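Q: After the structure tokens below, expect a handful of questions from me.
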Amino acid sequence: MRYSFIRSAQLCEICAKEGLSVSEVMLRREMERSERSRDDIMADLRSNLQVMQTSITKGLDPENLHHGVFTGGDAVKLNHFAASSNMGREMAEIVAAAIAVVEVNASMGKIVAAPTAGASGILPAVLLVCGRKRNFDEEMLCRGLLTAGAIGCLIASNASIAGASGGCQAETGSAAAMAAGALTELCGGTPEMVFHAAAMALKNVMGLVCDPVGGLVECPCVKRNAIGAANAVVSCDMALAGITSLIPFDEVVDAMKAVGNQMHPDLRETARGGLAATPTGKALAEKLHQ
Amino acid sequence: MKEYGLFDLIGPQMIGPSSSHTAGAARIGYVASRMAGGCVKKAVVTLYGSFAETGKGHGTDKAVVAGLLGFAPDDDRLRIAPQLAKEWGRDIRVEFSDEEMKHPNTAGIVFENEDGRTIHMTGASIGGGNIEIQSINGMDVSFGCDYPTLLIFHQDRPGVISSVTGVLAEHEINIAFMKVFRNSRWQNACMVIETDGEVEDCLVEQIRSENQDIVEVCKL
């Protein structure tokens with residue numbers, strides 16, 4: 001197949017040879033694989049964007065706070081504080097949006113897994129909140145999802161996107177890499193910059209463990225989505241400024257896989273290690289079972 | 001190395017909080033509802049392992065009931081499924097067990113189909129919303145419903161398979177994956193056929209009447 005790739009180096013080669021963006025190569029790959037038309041695929045992406053936007057809007061509604069078992073209401077708090085925040089209003093709004101989506105998720109609301117439900121806040125927050133400031137239209141936002149999808153496919157094929165096999169680096173790390181690369185392309189970055197951004201985002205959380213208190217997708221998942229969104233924006237800006245990742249993306253992904261394999265099973269979504277094994281974590285889990 | 005598609009990473013749309021404990025659980029329930037012709041009147045669900053331990057917090061119990069009512073994993077009614085089941089007069093009970101199973105996220109469902117026949121089914125949620133149906137009426141099976149799927153119960157006799165594939169060939173439906181299971185020779189058997197295209201309802205009827213050793217055909 002003409003647009004098949006399994007490594008970012010191959011993908012960048014196709015981009016260079018045909019003069020295409022990462023998102024366009026990804027779209028053509030999907031058309032080849034699924035034998036579906038460009039319009040059909042774009043329609044599904046638009047539908048996903050709509051659900052993403054709704055999950056942000058719902059999670060930021062102060063009249064209707066979303067609560068899980070342990071968490072809730074934090075997105076609204078940060079959104080109120082945005083204007084006085086140290087990180088700046090725009091970043092605070094991005095982070096608040098990421099929290100909003102995961103709070104909606106924890107309250108059994110509708111989200112788009114990107115790449116998983118536990119990491120579902122990062123990509124919509126980065127794309128849609130930055131998109132609003134920069135007037136990205138729907139077509140551009142769909143392109144962002146395509147670029148994010150390309151990065152995610154490369155990680156899933158060569159490492160993992162599941163906390164149970166790779167820890168949190170595989171979930172919120174992958175989501176941050178996807179969002180960082182997507183934003184980089186939408187802001188005019190080259191395919192190489194896209195993968196420098198993605199590589200930096202992954203490097204920033206290499207080795208992060210998956211240690212959900214009580215086994216629920218809440219603590220620390222909600223806050224790791226917050227930091228994941230910030231990670232994506234910082235990595236994107238570094239790449240756009242011309243900063244490169246010393247270790248190439250493909251090797252970072254290989255390292256991430258190796259680190260995931262070296263991780264003790266207690267630190268891979270089993271809720272037996274890390275924060276889940278703290279006295280407070282255990283007490284909360286105990287309460288849950290009663 | 002497995003290659004992934006765009007929508008494996010950007011999607012699915014689903015009701016939270018967990019793709020394995022919520023969306024996967026709903027899909028297991030949904031398979032049972034399809035086997036019952038779309039309407040489960042009576043069922044007992046047993047949740048095992050991690051499903052039992054963290055199921056309440058993840059809404060696993062609600063998700064399986066939603067699936068049994070025929071709701072998809074992105075249906076907003078998932079959260080209120082047990083209440084709806086009661087209002088609609090369905091007798092669905094969910095139990096939690098500490099018995100060890102092969103896979104940590106396992107649900108067993110005993111339900112009645114349209115004709116009042118009792119079916120025992122076991123399914124596991126194997127990650128990312130993907131599922132594996134592992135046993136039906138004591139017969140070990142393995143399929144995931146990732147494609148349009150036909151589940152055919154039949155007697156283990158020569159020619160049954162060709163009569164089924166013949167009908168599909170005649171209508172130019174390509175078989176993507178196919179498995180045949182049986183407990184022992186000449187006894188009850190079942191085949192699972194995953195197709196690239198949708199199978200029309202009229203074909204389901206045609207397959208059933210094609211061979212006297214075909215007992216039942218379910219479109220999942």
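Q: Does region B:67-77 contain at least one residue that is touching a helix residue (DSSP H, G or I) at 6+ places or on another chain (Cβ under 8 Å), open to solvent by 50 Å² or more (accessible area, probe 1.4 Å) and either more than 11 Å from chain A (Cβ to nearest Cβ) or not acidic (Asp, Glu) (or both)?
A: Yes, region B:67-77 contains at least one residue that is touching a helix residue (DSSP H, G or I) at 6+ places or on another chain (Cβ under 8 Å), open to solvent by 50 Å² or more (accessible area, probe 1.4 Å) and either more than 11 Å from chain A (Cβ to nearest Cβ) or not acidic (Asp, Glu) (or both).
Q: Separate question: Quick check on A:Glu90: is it closer than 21 Å to A:Val234 by Cβ and charged (D, E, K, R)?
A: yes
Q: On to the next question. Can you tell me how many residues in region A:41-66 are within 18 Å of the chain's Cα centre (by Cα), among the hydrophobic types (A, V, I, L, M, F, W, C) and away from chain B (no Cβ under 11 Å)?
A: Selection size over region A:41-66: 1.
Q: Still on this structure: I'd like to verify a number: residues in region A:95-149 that are closer than 18 Å to A:Met178 by Cβ and free of Cβ contacts under 8 Å to residues at least 12 places away in the same chain, how many?
A: Result for region A:95-149: 1.
Q: Show the residue pairs that are 6+ apart or on different chains and have beta-carbon atoms under 8 Å apart, the first residue being within region A:274-285 and farther than 10 Å from A:Pro220 by Cβ, the second being open to solvent by less than 40 Å² (accessible area, probe 1.4 Å) and among the acidic types (Asp, Glu).
A: A:Ala277/A:Asp211
Q: Oh, and also: If we scan region A:136-155, do we find a residue that is within 11 Å of chain B (Cβ to nearest Cβ), out of contact with any Gly (no Cβ under 8 Å at 6 or more places or on another chain), closer than 24 Å to A:Leu267 by Cβ and surrounded by fewer than 24 Cβ atoms within 10 Å (Cβ to Cβ)?
A: Looking for residues that are within 11 Å of chain B (Cβ to nearest Cβ), out of contact with any Gly (no Cβ under 8 Å at 6 or more places or on another chain), closer than 24 Å to A:Leu267 by Cβ and surrounded by fewer than 24 Cβ atoms within 10 Å (Cβ to Cβ), one finds none in region A:136-155, hence no.
Q: Suppose we filter B:Glu114, B:Glu99 for residues that are at negative phi and either in contact with a Ser or Thr (Cβ under 6 Å, 6 or more places away or on another chain) or modelled with pLDDT of 90 or more (or both); which single one remains?
A: One residue alone meets the criteria, B:Glu99.
Q: In region A:47-86, what residues are touching a residue at least 40 places away in the same chain (Cβ under 8 Å), polar (S, T, N, Q), closer than 25 Å to A:Phe136 by Cα and open to solvent by less than 60 Å² (accessible area, probe 1.4 Å)?
A: Within region A:47-86, A:Asn48, A:Ser55 qualify.
Q: Also, I was wondering about something else. Among the residues of region B:94-137, which ones are assigned to a loop (DSSP other than H, G, I, E, B) and open to solvent by 60 Å² or more (accessible area, probe 1.4 Å)? Don't jump to the end; show me each part of the working.
A: The first filter runs over region B:94-137 and keeps only residues assigned to a loop (DSSP other than H, G, I, E, B), leaving B:97-104, B:113-117, B:128-129, B:137.
Matches in region B:94-137: B:Asp98, B:Glu99, B:Glu100, B:Met101, B:Lys102, B:Pro104, B:Glu114, B:Asp115, B:Arg117, B:Asn137.
Q: Which one is farthest from the other protein chains (Cβ to nearest Cβ), of the residues in region B:13-48 that are within 18 Å of the chain's Cα centre (by Cα) and part of a loop (DSSP other than H, G, I, E, B)?
A: In this case the residue turns out to be B:Gly37.
Q: Out of all the residues in region A:110-127, is one or more surrounded by fewer than 23 Cβ atoms within 10 Å (Cβ to Cβ), facing chain B (nearest Cβ under 10 Å) and modelled with pLDDT of 95 or more?
A: We begin by selecting, within region A:110-127, every residue surrounded by fewer than 23 Cβ atoms within 10 Å (Cβ to Cβ); these are A:110.
From what's left, facing chain B (nearest Cβ under 10 Å): A:110.
Still in the running and modelled with pLDDT of 95 or more: A:110.
Yes - at least one qualifying residue is present in region A:110-127.
Q: Can I ask one more? Can you name every residue in region A:200-256 that is open to solvent by 60 Å² or more (accessible area, probe 1.4 Å) and either under 21 Å from A:Thr278 (Cα atoms) or hydroxyl-bearing (Ser, Thr, Tyr) (or both)?
A: Answer for region A:200-256, where residues must be open to solvent by 60 Å² or more (accessible area, probe 1.4 Å) and either under 21 Å from A:Thr278 (Cα atoms) or hydroxyl-bearing (Ser, Thr, Tyr) (or both): A:Lys223, A:Thr244.
Q: Considering only region A:255-267, how many residues are touching a residue at least 24 places away in the same chain (Cβ under 8 Å) and more than 12 Å from chain B (Cβ to nearest Cβ)?
A: Within region A:255-267, residues that are touching a residue at least 24 places away in the same chain (Cβ under 8 Å) and more than 12 Å from chain B (Cβ to nearest Cβ) number 6.
Q: Pull up region B:165-208, narrow it to residues that are of a type in the set (Lys, Arg) and surrounded by 15 or more Cβ atoms within 10 Å (Cβ to Cβ), then point me to the one that is farthest from B:Leu220 (Cα to Cα).
A: The qualifying residue farthest from B:Leu220 (Cα to Cα) is B:Arg182.
Q: Let me ask something else. If I filter region A:165-184 for residues that are open to solvent by 10 Å² or more (accessible area, probe 1.4 Å) and not in a helix (DSSP H, G or I), do I get at least one hit?
A: No, because not a single residue in region A:165-184 is open to solvent by 10 Å² or more (accessible area, probe 1.4 Å) and not in a helix (DSSP H, G or I).
Q: Is it fair to say A:Val233 is at pLDDT 95 or above, farther than 19 Å from B:Ser18 by Cα and within 14 Å of chain B (Cβ to nearest Cβ)?
A: Spelling it out, it is not the case that A:Val233 is at pLDDT 95 or above, farther than 19 Å from B:Ser18 by Cα and within 14 Å of chain B (Cβ to nearest Cβ).
Q: Does B:Arg90 satisfy the criteria of being among the charged types (D, E, K, R), surrounded by 15 or more Cβ atoms within 10 Å (Cβ to Cβ) and over 16 Å from B:Ser33 (Cβ atoms)?
A: Considered against the rule, which asks whether it is among the charged types (D, E, K, R), surrounded by 15 or more Cβ atoms within 10 Å (Cβ to Cβ) and over 16 Å from B:Ser33 (Cβ atoms), B:Arg90 comes out as no.
Q: Please determine whether any residue of region A:18-26 is surrounded by fewer than 17 Cβ atoms within 10 Å (Cβ to Cβ), free of Cβ contacts under 8 Å to residues at least 40 places away in the same chain and within 14 Å of chain B (Cβ to nearest Cβ).
A: no
The values are calculated or read from the model by the stated rules, or taken from the named source; none is laboratory data. The shown structure was predicted, so the numbers you read here are calculated from the model rather than taken from an experiment. When we count neighbours, we look across all protein chains shown, and the Cβ atoms used for this are built from the backbone with ideal geometry, even at glycine. Accessible surface is based on the protein model in full, side chains and every heavy atom, while ligands, DNA and RNA are left aside. Shrake-Rupley method; radii C 1.70, N 1.55, O 1.52, S 1.80 Å.
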